[in-house]
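Take a look at the structure set out below.
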Amino acid sequence: MHLVDAPAADDLVERARAGDADARNRLVARHYGAVWSLARKLVRDDATASDVAQETFARALARLDQYDGRHRFSSWLFKIASNHVRDLHRRRAPDPVERAPVESADAILAKSEDIARVRRALDALPTETRAAMTLHLQEELTVPEIAFVLDLTEDAVRNKIHRGLQKVRDLLSRKP
């Protein structure tokens, strides 16, 4: 899902900065689904994703003066959400990595259980690599936008996406 900020987004931001509660509510309503979806893909838990989305908007609305308009408003929100998820992961003990058993890479997406295998393969990736791949493949952000969201260089983003795809292919090509 690619969230395109309408030209009216800048107007909403300006109105929200001026204290317009309706503009704040409309910004949240317009972007909540995309922020929650990204958070869900990163944390893999509905309740935690809701907490991340809520905290993202609390932080964003409290710091609207820091949004400079150089990037899309949605990219700025994704950056806040991504940073919050990174902070959560730093505070928690790492989860054991589950490797996804598969039959062959060619059969992926042919059946619904293959989708689950792809998800498990993605879950086996380091958080930042999974975030880069999610932002690129599912949210359709460009490499420069992902670099902004994740605080990485564009080369680092390209590297994470490339290595992530290699790792997923490797995991999916293994026999159970």
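The values are calculated or read from the model by the stated rules, or taken from the named source; none is laboratory data. What you see is a predicted model; the values in this text were computed from it and never measured. Using ideal geometry, Cβ is built from the backbone for each residue, glycine included, and neighbour counts are taken over all protein chains shown.
Criterion first (in a loop (DSSP other than H, G, I, E, B), at pLDDT 90 or above, under 19 Å from Ala39 (Cα atoms) and outside the structural domain of Arg17 (by TED's automatic domain parsing)) does Leu152 satisfy it? Here the answer is yes, as Leu152 does meet what is asked. Annotation note: Cβ proximity below 7 Å between a residue of region 61-79 that is exposed (fewer than 13 other Cβ atoms within 10 Å of the Cβ) and a residue that is modelled with pLDDT of 90 or more (sequence gap 6+ or interchain) occurs for Asp65/Arg17. Scoring Gly69 on the criteria (1) farther than 30 Å from Leu125 by Cβ; (2) part of a helix (DSSP H, G or I) leaves a single failure, condition (2).
Residues in region 142-176 that are under 14 Å from Ala131 (Cα atoms) and among the polar types (S, T, N, Q): Thr142, Asn159.
For region 109-136, a residue qualifies if it is among the aliphatic types (A, V, I, L, M), farther than 15 Å from Lys167 by Cα and modelled with pLDDT under 85, and the qualifying residues are Leu109, Ala110, Ile115, Ala116.
Looking only at region 129-149, residues that are assigned to a helix (DSSP H, G or I), among the acidic types (Asp, Glu) and surrounded by fewer than 20 Cβ atoms within 10 Å (Cβ to Cβ) come to 0 in all.
The single condition among (1) touching a Leu at 6+ places or on another chain (Cβ under 7 Å); (2) surrounded by fewer than 21 Cβ atoms within 10 Å (Cβ to Cβ) that Glu154 does not satisfy is (1).
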